[in-house]
Amino acid sequence: MSEGPLVSPQLVIHSRMLYTSFIPADPKACARLLPATLRPAKNNAIYMNQYVVDTPEQTTGFGAYSLTYLGLDLDGHVAPDGVTPGRFFTHYLNSSERVRAYARERGVPASSGETTLEIENDILTATTTVDGVPVIRSRARVGKEIGVVARGHLFYLTRLGHRILGGRYPYIGDLVTPFEVLSIEMLAPDHPVYALRPASPLQVVPGACFYSPSDSFVYPGGEVDLGPAGH
């Protein structure tokens, strides 16, 4: 298939994905990254997704790519399940300019980066690099059995000009068991993601972390205008 124009939504299937959520070392610095009309979640949680799409055949138009994105859980916005917090993008490090351009059109702060996921002796290492320099490294102990198939919608918010946009992202993911987050490191103090570094000792958010060897999602769907962003 030749590459045609990218239209919304786009489907991605069978990505390899490590999703984590943790309490930051400096909640006030994190909160300053939000538009004026948005508030951090009461627990100040940060979310992060590190994933790889290995082949073009896994997407309807994006092609193969890798991505790490992260940001803040929000107070006052929830996913359609009424429980999962809405989440604001602060950083989005993608290996594909085609995907970055699509994301920027929707207010996502997309920039260049590479993500790898490697498993050795049941230890998963997810590494995010920018210009060849590692900026994030996460490690988790992962099993080989599928413990549950998770499905639903996430609700991500972006700022586009002076407006806040929301997008509903449906997903279906095979989640492995056992699973345990071992470490999350922000490795480059001079990179903007360092502001979201985790507290020490690491405090992960229960029920909000997983590894999926096969996670599929629509990117995005159900986009809505949520009003002015403020100053």
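The values are calculated or read from the model by the stated rules, or taken from the named source; none is laboratory data. Because the structure is predicted, anything quoted here is derived from the model rather than measured. Neighbour counts are summed over all protein chains in view; Cβ atoms, including those assigned to glycine, are modelled from backbone coordinates with ideal geometry. The protein model used for the area step is the full one, side chains on, heavy atoms only, and it has no ligands, DNA or RNA in it. Shrake-Rupley method; radii C 1.70, N 1.55, O 1.52, S 1.80 Å.
In the frame of its principal axes, the stretch 153-198 has Cα extents of 40, 36, 11 Å, reported largest first. Each residue, Ile23 and Lys42, gets one label point 7 Å from its Cα in the Cβ direction; the gap between the two is 1.4 nm. The GNM of the chain, with springs linking C-alpha atoms under 10 angstrom apart, assigns the highest mean-square fluctuation among His153, His14, His191 to His191. Pair-distance distribution of the stretch 1-103: all C-alpha pairs, bin width 5 Å, starting at 0; shares per bin in whole percent are 2, 11, 19, 19, 17, 14, 11, 4, 1, 0.
For the pair the stretch 148-224 and the stretch 13-61, the centres of their Cα atoms are 4 angstrom apart.
Once both labels are positioned 7 Å from their Cα atoms along Cα-to-Cβ, the gap between Arg98 and Ile172 label points is 2.4 nm.
Stretched out straight at 0.36 nm per residue, the stretch from Asp54 to Leu202 would grow longer than its current Cα-Cα span by 50.3 nm. Global size of the stretch 136-179: 15.7, 46 Å for Rg and Dmax (C-alpha atoms, Rg to one decimal, Dmax whole). For the stretch 117-231, the direction-averaged projected area of the alpha-carbon convex hull comes to 9.5 nm².
Each 10 Å bin, from zero up to the one with the longest distance, holds this percent of the alpha carbon pairs of the chain: 8, 34, 40, 16, 1.
Available extension along the chain between Arg141 and Thr125 is 4.9 nm, counting 0.36 nm per residue and deducting the alpha carbon span. For the set Thr127, Thr37, solvent exposure ranked by accessible area (probe 1.4 Å, protein chains only) runs largest to smallest as Thr37, Thr127. Between Leu11 and Leu226, what FRET efficiency comes out of the Förster formula 1/(1 + (r/R0)^6) with R0 = 25 Å and r the beta carbon distance, rounded to 0.05? Once the sixth-power term is evaluated, E becomes 0.55.
Within the chain, the longest segment free of exposed loop sites, counting trypsin sites (Lys or Arg not before Pro) that fall outside DSSP classes H, G, I, E and B and have at most 14 other Cβ atoms within 10 Å, spans 43-231.
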